[in-house]
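The values are calculated or read from the model by the stated rules, or taken from the named source; none is laboratory data. On a predicted model such as this, the values are computed, not experimentally measured, just so you know. All Cβ positions, glycine included, derive from the backbone under ideal geometry; neighbour counts span all protein chains shown. Just the protein is used for accessible areas: all its heavy atoms, side chains included, with ligands, DNA and RNA removed. Shrake-Rupley method; radii C 1.70, N 1.55, O 1.52, S 1.80 Å.
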Amino acid sequence: MNRMIEMITSTTTLTMTRRFEFTAERVFDAWVNPEMMSKWLFNPEEKANFVENDFCVGGSYRIRDPKEGEAIGKYLEIDKPFKLVFTFQIPKYSETIDRITVLLEPIDGGCEMTFTQEIVVPHEQGWTTEDIEKAHREFRDGSEQGWNNMFDVLVKHLSNRNNPQK
């Protein structure tokens, strides 16, 4: 007899702010243009990934890395070029689905991005409050390191594009 085991989870939030010397339009485009997505998104090693993207509310994306698996999600909210909200999952590692919000605000000389990831953290039966807080810290720290690496690669690609517009 198969029994479904209910996964116990909690949520922690990672918020990061970064300034770019590029317009909000350029940064927003990097989040949704398949060619740009393949170069930096979930790709800090800068190898070519395969991207499928149905960019519309309710549409989905898939980024395939032959070695690491794939990142998938659905677009929940789009206000180009100021706001993008989507789900994020890497099925190879977890059944949990995170929610990511990207807010872009034009500023002198570029834009400021506020990135928020609502991270779903699985836990085991009997975990204490301390266990949960430790897991939250580890998930946030790991995500922050990964996103910082990707944002560094993004800046490099935006800088290298043969486009005189910033």
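Residues that are over 24 Å from T17 (Cβ atoms) and in contact (Cβ under 8 Å) with a residue 60 or more places away in the chain occur in the stretch 94-107; there is at least one. Comparison of E144, E77, E105 shows that the only residue that is touching a strand residue (DSSP E or B) at 6+ places or on another chain (Cβ under 8 Å) and farther than 28 Å from G58 by Cβ is E144. Candidates in the stretch 113-134 are the residues that are part of a strand (DSSP E or B) and either among the aliphatic types (A, V, I, L, M) or in contact with a helix residue (DSSP H, G or I) (Cβ under 9 Å, 6 or more places away or on another chain) (or both); of these, the one that is farthest from E21 (Cα to Cα) is H123.
Number of residues in the stretch 53-106 that are of a type in the set (G, A, S), assigned to a loop (DSSP other than H, G, I, E, B) and over 20 Å from E144 (Cα atoms): the value is 2. Could you tell me whether any residue of the stretch 113-130 is of a type in the set (D, E) and exposed (fewer than 13 other Cβ atoms within 10 Å of the Cβ)? The answer is yes, given that some residue of the stretch 113-130 is of a type in the set (D, E) and exposed (fewer than 13 other Cβ atoms within 10 Å of the Cβ). Restricting the stretch 35-45 to residues that are open to solvent by 50 Å² or more (accessible area, probe 1.4 Å) and within 18 Å of I90 (Cα to Cα), the residue that is modelled with the highest pLDDT is K39.
The one condition from (1) surrounded by fewer than 17 Cβ atoms within 10 Å (Cβ to Cβ); (2) not in a helix (DSSP H, G or I) that R137 does not meet is (2).
Given the structure, is W147 surrounded by 13 or more Cβ atoms within 10 Å (Cβ to Cβ) and assigned to a loop (DSSP other than H, G, I, E, B)? For W147, the condition - surrounded by 13 or more Cβ atoms within 10 Å (Cβ to Cβ) and assigned to a loop (DSSP other than H, G, I, E, B) - is not met. Say whether the condition of being within 26 Å of M7 (Cβ to Cβ), at pLDDT below 95 and of a type in the set (K, R) is met by at least one residue in the stretch 83-97. Within the stretch 83-97, one or more residues are within 26 Å of M7 (Cβ to Cβ), at pLDDT below 95 and of a type in the set (K, R). Inspection of the stretch 79-87 finds a residue satisfying the criterion of being acidic (D, E) and more than 17 Å from T17 (Cβ to Cβ).
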